[in-house]
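Below is one structure, written out as structure tokens, with a few remarks after it.
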Amino acid sequence: MNEPIEKPQAGKEEEDSNFAQIKSLAKEAYRFLDSRQWDKAESKLKELLAKEPSNTYGLVGMGDLHFKRKEFRQALDFYNRCIKEDSSNKFSLMGLMNCYREMNLLNRVIEVAEEYRHITITDASILSRVADAHRKLKNFKESEVYYMQALQINPKDQYVIVGLGHLFFACQRYKDAISWWEKLLVIQPDNIKILTEIGNSYRKIKDFDEAIRYYRRAADLDQRNFFALYGLAESYRGKKDFRKANEFWERILEFDPDNKLIINRYADSLRGMGEFDKALECFNRILSEGEDYFALLGKASSLKMKGARDKAEEIYVDLHKKFPMDPRPVVELSELYSDLGKRDEALKLLNDFHKKQPLNEEVKQKLDSFSE
């Protein structure tokens, strides 16, 4: 009996079939990843890698799966396996850098970029990740270089534009930060985060009216946005318009009634309005749940302004003992001593602190005011 003759196309058909199956599995896996169905995605990816252990789509997919689950060590393993198969795979490189960034190993982000410079030099998204790492490490010059390189590759890269805004904000170059964030607002006029960042920058340079304008735009888009309402309250506080500031502290307290920071700010505004009893109620409410530095300072100041100077002095003295390197209790206690006619005690308090911290401007200015 003659042996059957093998069709020459049989091997190719099998190869094409296998390729089609792998392609289908990859497509399904990534669809499950996008819809956050982790278990189904993992099942498809494992099936894919069982058929072809070196498949880069499968390796990157498994890396992405573990990254989304915050299993960074496992993610790193798959991204590294992918790079061994394809040293120019930018998705695995991006995955490595994202993992190290989330693990706060920022120097490792930079090292990886240098190690795979043949990829990083031409990819704006990767260059911007390196710039981010340098920015967070306060290597501001290096950060700016990488952001600018990324911008040369893609002048409209929104991630880079946002990063430059954050960079110049961190450098206290607030007008430059505003300039970059304004470029993004041209594209995304309703970007609440950028509106509040611009508001923050104007508030830093004490241009409270401009800050208010941007915070209002953000608050109009989201009436319960904490950062927009906080910025509005702080801007009015900066303008000494405490009544207006309290309108916005109250709006925050409507949906976050136990926020100690906001209760403290609200009480400070009440104190600024001369409503000392109401302010003390707020400070005592916070202190009923445990010791709080800012509430104690606020309470002491309210008591002092109300005329209960002995009680205020007790709090200031106690705070100074607990926080001997903090200038605020020293300055406020010296003012209290001065009001009580205890000039020598005020000077001794300030001079003792000045010897320990000669560079503290607040205490130095207070000393200078005594000698005028």
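Of all residues in segment 149-182, those satisfying the criterion of being modelled with pLDDT of 95 or more and surrounded by fewer than 16 Cβ atoms within 10 Å (Cβ to Cβ) are 170, 172, 173, 175, 179, 182.
Residue check: residue 197 meets all listed conditions (1) under 21 Å from the mean Cα position of the chain (by Cα); (2) surrounded by 16 or more Cβ atoms within 10 Å (Cβ to Cβ); (3) over 24 Å from residue 129 (Cβ atoms) but one, namely (3). Checked against the criterion of being in contact with a Lys or Arg (Cβ under 8 Å, 6 or more places away or on another chain), of a type outside the set (Ser, Thr, Tyr) and either touching a residue at least 24 places away in the same chain (Cβ under 8 Å) or on the phi < 0 side of the Ramachandran plot (or both), the candidates 296, 280 yield just one match: 280.
So that you can scan it fast, the table gives a plain yes or no per residue for (1) among the small types (Gly, Ala, Ser); (2) touching a Leu at 6+ places or on another chain (Cβ under 7 Å); (3) at pLDDT 90 or above; (4) assigned to a loop (DSSP other than H, G, I, E, B):
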residue	(1), (2), (3), (4)
328	no, yes, yes, no
331	no, no, yes, no
346	yes, no, yes, no
349	no, yes, yes, no
352	no, no, yes, no
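Selection of segment 91-124 for residues being modelled with pLDDT under 90 and of a type in the set (D, E, K, R) yields 114, 115, 117, 123. Within segment 1-38, the residues that satisfy the criterion of being farther than 13 Å from residue 61 by Cα, small (Gly, Ala, Ser), part of a helix (DSSP H, G or I) and at pLDDT 85 or above are 20, 24.
Once segment 296-337 is narrowed to residues that are β-branched (Val, Ile, Thr) and out of contact with any Asp or Glu (no Cβ under 8 Å at 6 or more places or on another chain), the residue that is nearest to residue 366 (Cα to Cα) is 330. Taking first residues from segment 152-173 that are among the charged types (D, E, K, R) and partners that are surrounded by 14 or more Cβ atoms within 10 Å (Cβ to Cβ) and in a loop (DSSP other than H, G, I, E, B), no Cβ contact under 9 Å between residues at least 6 apart in sequence or on separate chains turns up.
The values are calculated or read from the model by the stated rules, or taken from the named source; none is laboratory data. Note that the structure is predicted; figures quoted are calculated from it, not measured. Here the Cβ is made from the backbone with ideal geometry for all residues, glycine too, and neighbour counts use every protein chain on show.
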